[in-house]
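One structure below.
The values are calculated or read from the model by the stated rules, or taken from the named source; none is laboratory data. Since we're looking at a predicted model, the values are computed, not measured. As a convention, Cβ positions derive from the backbone with ideal geometry for all residues, glycine included, and neighbour counts pool all protein chains shown.
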Amino acid sequence: MRTKLRRLLAPLGATVVAGSLLAVGVQQAHAADTLLSQGRPALASSLENGESPAAAAVDGRAETRWGSQWADPQWLRVDLGGTATVSRVVLQWEAAYAKAFQIQTSPDGTTWTSIYSTTNGTGGTQSLTVNGSGRYVRMYGTQRGTGYGYSLYEFQVYGTASTTTPPNGGGYVYANPPVTGVVPSTAVPPATNPPTTHHEFQANCSVSRSNLPDDPIVFPNMPGASHSHTFMGNSTTNAATTLAGLQAGQTSCITPGDKTGYWMPTLLNGDTAVQPVGRQVIYYKSGVIDYRSVRPSPPGLRYVVGSPSASLDEFKNAPGAVEGWECGDSVRNWDFPANCVAGSQLNIRYQAPSCWDGIHLDTPDHKSHMAYPVVGVCPASHPVAVPMIEFKMAFPVSGNMANVRLASGRGYSFHYDFYNAWDAPTLNALVTHCINGGLQCDPRGFDQYKPDRGAALNENYELP
């Protein structure tokens with residue numbers, strides 16, 4: 001489709017440019033409007049291929065797009081993060097456009113109200129004056145204008161947020177100093193010999209605390225307010241945890257300098273907690289194409305990955321989803337499989353956002369200061385590339401899985417929390433040697449496939 005679409009795009013080039021100029025003019029005419037959708041979480045009914053994610057339509061980049069499968073109906077929705085009054089929607093179509101579609105709003109992502117409808121869409125750039133409100137806004141396409149799918153460069157929602165969060169306090173934690181002046185790298189690293197195929201290192205950490213209903217990020221200083229969590233890494237993590245407390249604590253990670261707090265909802269089989277056995281793998285990877293641009297996460301950076309309230313579709317289509325739940329030969333399950341071969345383990349992998357805004361160590365929703373890369377590049381709103389965390393957990397449970405659940409709910413409610421408390425020089429050495437250096441490292445920062453490159457840490461997993 002890409003080759004065919006590029007041919008179709010040739011006569012549309014002027015239209016796209018003119019549409020862009022039109023959008024600028026309209027934006028000036030609606031000076032009170034605020035662009036609410038850029039960088040917000042997006043979800044789609046389907047994806048054309050791995051290079052056309054939903055997030056590409058809200059990233060502010062003209063060269064990326066969301067593309068759907070070649071069928072009707074299809075939809076693309078954006079979560080504005082709170083109720084907003086919507087006054088304008090701008091659609092910047094690729095050659096594959098919608099002839100018949102609606103713009104809809106919803107307070108909950110389930111019940112939808114149409115605020116615009118057409119059966120004569122013409123593609124190009126459409127600036128639509130609308131009047132509605134909701135947290136979620138979506139384009140709902142019912143008839144394609146071509147034989148392909150739906151394809152949007154940008155889906156822009158303008159309006160006014162009904163509630164505003166104060167710039168200071170109210171859940172905001174500021175980096176000191178902030179990281180400013182960063183431009184997301186679009187460079188492609190040159191080929192190397194031998195080839196660079198990985199840019200990562202491992203943190204190997206075992207369970208440090210279990211079955212504790214605390215969450216110092218979501219419910220700080222509120223012991224017992226959370227569902228049960230399984231904690232790894234720092235052995236002191238509780239509701240009252242602070243960065244200083246973590247730095248003064250001990251760790252279950254093999255690397256003494258990693259005093260980070262990692263936690264996830266407890267897995268239960270009936271009423272019995274099932275804990276991962278031994279050290280689990282927590283990857284630190286490059287989430288961007290230019291792995292040389294990744295820098296260490298700042299001390300105190302914290303965020304939540306995934307959501308305990310996610311639906312199955314949201315979990316399946318989340319940017320952090322990898323392969324779902326697996327056991328034995330049962331793979332790509334987005335809820336717990338019905339049965340796992342006796343003696344096997346239940347596995348999950350889930351990736352964190354790796355683009356930071358450079359300003360906040362935390363925000364009220366514990367997510368807005370972080371974003372996922374779009375087609376391997378950080379968005380301009382979150383320009384600082386930091387290591388992409390990937391949980392790879394294994395739970396010793398098998399057989400009939402009917403009674404298996406998470407403390408937060410079904411399998412698709414899986415999520416985890418990260419509270420960075422690495423010793424800064426140790427983390428910097430591993431990021432520089434392994435991620436920036438294009439290596440596939442163990443916790444010492446040693447790549448067994450490139451032993452001549454040496455290790456970042458000594459045999460005690462400490463700086464030499």
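Checking the structure you have, find out if any residue of the stretch 425-438 is at pLDDT 95 or above, closer than 17 Å to V294 by Cβ, loosely packed, with under 15 Cβ neighbours inside 10 Å and out of contact with any Phe, Trp or Tyr (no Cβ under 7 Å at 6 or more places or on another chain). Working first, answer last.
Kept after step one, since they are at pLDDT 95 or above, are these residues of the stretch 425-438: 425-438.
This time we only want the ones that are closer than 17 Å to V294 by Cβ, so: 425-438.
Remaining after also requiring loosely packed, with under 15 Cβ neighbours inside 10 Å: 425.
Those left that are additionally out of contact with any Phe, Trp or Tyr (no Cβ under 7 Å at 6 or more places or on another chain): 425.
Looking through the stretch 425-438, at least one residue is at pLDDT 95 or above, closer than 17 Å to V294 by Cβ, loosely packed, with under 15 Cβ neighbours inside 10 Å and out of contact with any Phe, Trp or Tyr (no Cβ under 7 Å at 6 or more places or on another chain).
The rows are residues; the columns are (1) surrounded by 15 or more Cβ atoms within 10 Å (Cβ to Cβ); (2) within 30 Å of L312 (Cα to Cα).
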| site | (1), (2) |
| --- | --- |
| L91 | yes, yes |
| Q104 | yes, yes |
| D108 | no, yes |
| S114 | no, yes |
| N120 | no, no |
| T129 | no, no |
| Y148 | yes, yes |
| V179 | yes, no |
| P184 | yes, no |
Legend entry - Residue identified as in contact with a Gly (Cβ under 7 Å, 6 or more places away or on another chain) and touching a residue at least 12 places away in the same chain (Cβ under 8 Å) among T432, T363: T363
Legend entry - the stretch 167-177, subset part of a loop (DSSP other than H, G, I, E, B) and surrounded by 14 or more Cβ atoms within 10 Å (Cβ to Cβ), residue modelled with the lowest pLDDT: G171
Legend entry - Residue among G409, G399 that is surrounded by fewer than 22 Cβ atoms within 10 Å (Cβ to Cβ), over 19 Å from the mean Cα position of the chain (by Cα), modelled with pLDDT under 95 and more than 18 Å from C253 (Cα to Cα): G409
Legend entry - Candidate set from the stretch 63-89 (those that are more than 22 Å from S368 (Cβ to Cβ) and touching a helix residue (DSSP H, G or I) at 6+ places or on another chain (Cβ under 8 Å)); member that is modelled with the highest pLDDT: R88
Inset, instruction - State whether the residues of the stretch 95-111 include one that is part of a strand (DSSP E or B), closer than 19 Å to L128 by Cβ and of a type in the set (V, I, T). - result: yes
Inset, instruction - From the list D442, D447, D452, pick out the single residue that is among the acidic types (D, E) and touching a Leu at 6+ places or on another chain (Cβ under 9 Å). - result: D447
Inset, instruction - Would you check if P184 is in contact with a Pro (Cβ under 9 Å, 6 or more places away or on another chain), modelled with pLDDT of 95 or more and at negative phi? - result: yes
Inset, instruction - Mind counting the residues in the stretch 303-329 that are over 20 Å from D365 (Cβ atoms) and surrounded by 18 or more Cβ atoms within 10 Å (Cβ to Cβ)? - result: 4
Inset, instruction - Mind listing whichever residues of the stretch 115-128 are closer than 19 Å to G145 by Cβ, part of a strand (DSSP E or B) and in contact (Cβ under 8 Å) with a residue 24 or more places away in the chain? - result: Y116, T125, Q126, S127, L128
Legend entry - Single match in S185, S151 (criterion: more than 30 Å from G438 (Cβ to Cβ) and touching a strand residue (DSSP E or B) at 6+ places or on another chain (Cβ under 9 Å)): S151
Legend entry - Criterion: more than 20 Å from V277 (Cα to Cα), in contact (Cβ under 8 Å) with a residue 40 or more places away in the chain and part of a loop (DSSP other than H, G, I, E, B) - qualifying residue of G358, G343: G358
Legend entry - All positions within the stretch 364-407 that are farther than 23 Å from K285 by Cβ and not in a strand (DSSP E or B): P364, D365, P396, V397, S398, M401, A402, N403, A407
Legend entry - Residue list for the stretch 249-289, restricted to those being surrounded by fewer than 17 Cβ atoms within 10 Å (Cβ to Cβ), out of contact with any Lys or Arg (no Cβ under 9 Å at 6 or more places or on another chain) and small (G, A, S): A273, G278
Legend entry - Failed condition for Q202, given (1) modelled with pLDDT of 90 or more; (2) farther than 19 Å from A455 by Cα; (3) in contact with an Asp or Glu (Cβ under 8 Å, 6 or more places away or on another chain); (4) not basic (K, R): (2)
Inset, instruction - Scan (1) at pLDDT 95 or above; (2) farther than 25 Å from C434 by Cβ for the single condition I389 breaks and write down its number. - result: (2)
Inset, instruction - Report yes if V322 is under 28 Å from S286 (Cα atoms), in a strand (DSSP E or B) and in contact (Cβ under 8 Å) with a residue 12 or more places away in the chain, otherwise no. - result: yes
Legend entry - Qualifying position, being assigned to a strand (DSSP E or B), at positive phi and either touching a strand residue (DSSP E or B) at 6+ places or on another chain (Cβ under 8 Å) or not assigned by TED's automatic domain parsing to the domain that holds Q440 (or both), among N211, N204: N211
Legend entry - Subset tally (residues that are without any contact (Cβ under 8 Å) to a residue 60 or more places away in the chain and in a loop (DSSP other than H, G, I, E, B)) for the stretch 220-244: 13
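Given G81, G123, G134, G141, which one is more than 22 Å from R40 (Cα to Cα) and in the same structural domain as G39 (by TED's automatic domain parsing)?
Working: G81 fails: more than 22 Å from R40 (Cα to Cα); G134 fails: more than 22 Å from R40 (Cα to Cα); G141 fails: more than 22 Å from R40 (Cα to Cα).
After applying the criteria, what remains is G123.
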Inset, instruction - With the condition kept exactly as written, say whether any residue in the stretch 40-57 is farther than 26 Å from P383 by Cα, at pLDDT below 85 and surrounded by fewer than 20 Cβ atoms within 10 Å (Cβ to Cβ). - result: no
Legend entry - Condition met for A100 (in contact with a helix residue (DSSP H, G or I) (Cβ under 8 Å, 6 or more places away or on another chain), within 15 Å of G145 (Cβ to Cβ) and not assigned by TED's automatic domain parsing to the domain that holds S309): no
